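See below for the structure under consideration.
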Amino acid sequence: MCDISGVVNNVFPIAVQRRSVWARGSTIAALLGLTLHAALALNAARRLSPTWDEIAAPASGLAQLQTGALTLNTVNPFLSRLFYALPLTVQGATLPWDHPAWRERDEYRFGFQYTFRNRVAPQRLIVASRLVAVLFSLGVGILLFLRTKAVWGPLGGAVAVWAYGATPILASRASIAMAEMPMYFFILLALAFHTRREKKRDAASLWATGLCAGLALLCKLAALPLLPLFFIWEWMRPGKKPRIVDRLADPLRFAGIAVAVFALSYLPWKNGLAALGMACDNLRRFDKIIPYYFHERVWTAGNTFLSWGAFAVKAPPAILGLAGLGAWGWWKSGADRPGWWRWTLFGGLVLGTVLFFDRPVSTVQLSPFYLSAVVLAAGVAGFPRSRRRHVSAAVIGLLGWAWVDIAEAHPNALGYFNGFAGGPDQGWRWLADSDHDWGQGLPLLAEHLRRDPPGTLLLAYSGSGDPEAYGLRYVDFFSPALVSWERRDDLSVSPRTPVVLAVATKLLQTNPELFETPLTRWTPRARVGHCFILWDLRSTDRIGWLHDQYVAMGRPVHARWTTRITPGDPKPNPGD
C-alpha cells in the first residue's frame, strides 16, 4: 500500500523550495527592473536640456530657501521646488539677485540666469536638481513593488516594477526636475495609509493618510482626485452604519487634514497668504491661461473632451493592455477585492477630472492614472495555474512591446506618442509643450551634429536652454527662446557650407506659415530627438528662400549675410 504521508513529506519540501526559488527570482527581476529604470532616468537627466517650466522650478525653490519668502512662481504649490533646490545649496552657485528678472519677478529669466550665467557649469546644476527626481522615482518604484507584492507576492511586484519603468509619461518625469514625481510618491503613500486605516481603524493611519495627501497637493494640485476618492470609498465601504454622519466622518477627517497641511504650510513663509490665494485662483482659471494645440490646430475655445483624445495618442497601448489583463485576473481571482475597487476608482477619478474644466488640459494632469494602471497590471499573477502558460506569454509580449516603445523614445520619453498617432517623430502634429517639445532637445541636437557636423548651423529654437552651453555654434533664424533676450549673432564671419537649418518642432506649431516651404517641398536631412527637423540649404532656391524670410522678418543684416552663402549643390534637390 502506498505510503501517502511519505509522499507528501517528500514532495512538499520540493514544492516549497520551488516556490522559494521562484520568489527569489521574481525579487531579483524587480531589482533589475528598478536598476534599469534608474539608469535610463540618469542617462536622460544628463542628455536633456531644461524644459520651459523646469528652468524656473529649482532656482525659485532656492530663492525661497534663502529669502524665506514666496516670491517667484507663486501660482503653483512649492514643495517639489524645495526638494529640487536642496542639492543646489551645496553647489557654490549664486542666485542672480542683481538681475532685472528678480525685480520683475520673472522666474523664467531668473532661472535661466542662474543656470546658464553662473560660475558653476550649467550641466552640474541641472543634473544636481534632477537627481532628486531620480531618487523619488526609485521611491515610487519601491512603493509599487511593496504594494503589489503584499497581494500577489514577488511575481506581481516584478510585473508592476517593469510596467512602471516602461510607462513613458512616468519615465519622463523621473529625469526632469518637475512637480510630478514627488507628487506620485506622496499619492502612493496616502493610498497605502488609507488601506491600513481601513484594516486597523487606528488614529495614526488616519493622520498619516491626511498628511500624505496634503503633501501630494503641496507638490501639485493634480493630486486632488484623492479627496473625492476618500468620500466615495468610505460611502461605498461595506460594514459601515447607514447614517450619513457616520459615512462622512472619516473622509471629512482625511480631507480636513489634507487641506490643513496644504494651507498651513504656506504660513511660515513671507507672502505666504498671498501665494496661497494665487495658487487657489490658478486652479480656478487653470484651463483659461493658454490656447490648446491639438492635431495641427490651435484651439482657443476647445472642447474639454479633447483631453481624452490627447490621452489616447499619448497612451502606451502595451501598458493599457497589461493593466486590462491584470485587472481581469485580479477580479477573477477574488483576492483583495477592496484593493481592486480602490485602484480602479482612483484611475477613473483621475480621468474624470477633465469634466471639471471648460477647455482641454495637458496629459500630465492625467498622469496619476498610470499609477493605478501599474498596480492593476500586477493582477496578472492572480490567474489560475491552468491559464498561466498563455497569460505568461501575453505578459512577456506586452512588456516587451512596452520596453521597445520606451527604448525608441529614450532619452526623450516626454516626446513619446504611440504608433496609432504615428510614433514620436509625428508627435508635433498632435500636441505641444509639456506633451512634446518643451525645449528639452538641445543636447540631442548637439550629439547628432558632432557626428555629422554642418559648415554653418541656422537654428530655430523655442525653449529655456542656451544652445551654446551644449557646444552649438549657430546663427539665429527664428528663436523665441530665453537666450534670445540677450544674444546677438556674429555675422562678421562668412558662412561655411553646407548650411543646415535646424527647426524645433514647437515652431512648426506656433509659426507654421514660416516653415510651409520646407515642410511641403523639402526632404529633411534628419529628425533628431523627436524635437528637431533638419534641412540642408545647399541649393540656390533654398538660399533664396532663406534671404526672403529674413527680409520678411525685418532683419536686413541677416538677409545681406545670406548673399555670402555659396550653394554646395547648384542643382535642385530631391523634394524641391
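The values are calculated or read from the model by the stated rules, or taken from the named source; none is laboratory data. What you see is a predicted model, and the numbers here were worked out from it, not measured in a lab. Virtual Cβ from ideal backbone geometry, glycine too; neighbours counted across all protein chains shown. Only protein heavy atoms, including side chains, enter the accessible area calculation; ligands, DNA and RNA are left aside. Shrake-Rupley method; radii C 1.70, N 1.55, O 1.52, S 1.80 Å.
For the range 432-442, the candidate set comprises residues that are part of a helix (DSSP H, G or I) and open to solvent by less than 10 Å² (accessible area, probe 1.4 Å); within that set, the residue that is modelled with the highest pLDDT is LEU442. Close contacts from the range 86-114, counting a first residue that is among the basic types (Lys, Arg) and a second that is surrounded by 19 or more Cβ atoms within 10 Å (Cβ to Cβ), with Cβ to Cβ under 7 Å and a gap of 6+ residues or different chains, come to ARG105/LEU72; ARG109/ALA101; ARG109/LEU482.
Restricting the range 436-479 to residues that are among the polar types (S, T, N, Q) and within 19 Å of TYR108 (Cα to Cα), the residue that is nearest to the chain's Cα centre (by Cα) is GLN440.
Suppose we keep only residues that are under 17 Å from ALA179 (Cβ atoms) and of a type in the set (Gly, Ala, Ser) within the range 359-376. Which one would you say is most open to solvent (accessible area, probe 1.4 Å)? Step by step, filter the range 359-376, then rank; the result is SER362. If you go through the range 261-271 and keep only what is part of a helix (DSSP H, G or I) and open to solvent by less than 40 Å² (accessible area, probe 1.4 Å), you end up with VAL261, PHE262, ALA263. Pull up the range 172-186, narrow it to residues that are of a type in the set (A, V, I, L, M, F, W, C) and farther than 19 Å from LEU48 by Cα, then point me to the one that is surrounded by the fewest Cβ atoms within 10 Å (Cβ to Cβ). If we take residues in the range 172-186 being of a type in the set (A, V, I, L, M, F, W, C) and farther than 19 Å from LEU48 by Cα, then PHE185 is surrounded by the fewest Cβ atoms within 10 Å (Cβ to Cβ).
Only a single item in (1) of a type in the set (Gly, Ala, Ser); (2) at pLDDT 85 or above; (3) in contact with a strand residue (DSSP E or B) (Cβ under 6 Å, 6 or more places away or on another chain) is not met by GLY302, and it is number (2).
Results for (1) touching a Ser or Thr at 6+ places or on another chain (Cβ under 9 Å); (2) open to solvent by less than 30 Å² (accessible area, probe 1.4 Å); (3) at positive phi, shown as yes or no for each residue.
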| site | (1), (2), (3) |
| --- | --- |
| LEU188 | no, yes, no |
| ALA192 | yes, no, no |
| ALA216 | no, yes, no |
| MET236 | no, no, no |
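Of the residues in the range 419-431, not one is surrounded by fewer than 16 Cβ atoms within 10 Å (Cβ to Cβ) and of a type in the set (D, E, K, R).
THR300 - would you say it is in contact with a Pro (Cβ under 8 Å, 6 or more places away or on another chain), farther than 23 Å from HIS530 by Cα and open to solvent by 40 Å² or more (accessible area, probe 1.4 Å)? Yes: the conditions hold for THR300. Of the helices (runs of 4 or more DSSP H) contained entirely in the range 64-171, those carrying at least 2 residues that are within 29 Å of CYS280 (Cβ to Cβ) and either open to solvent by less than 30 Å² (accessible area, probe 1.4 Å) or of a type in the set (Asp, Glu) (or both) fall at 79-85, 107-116, 122-165.
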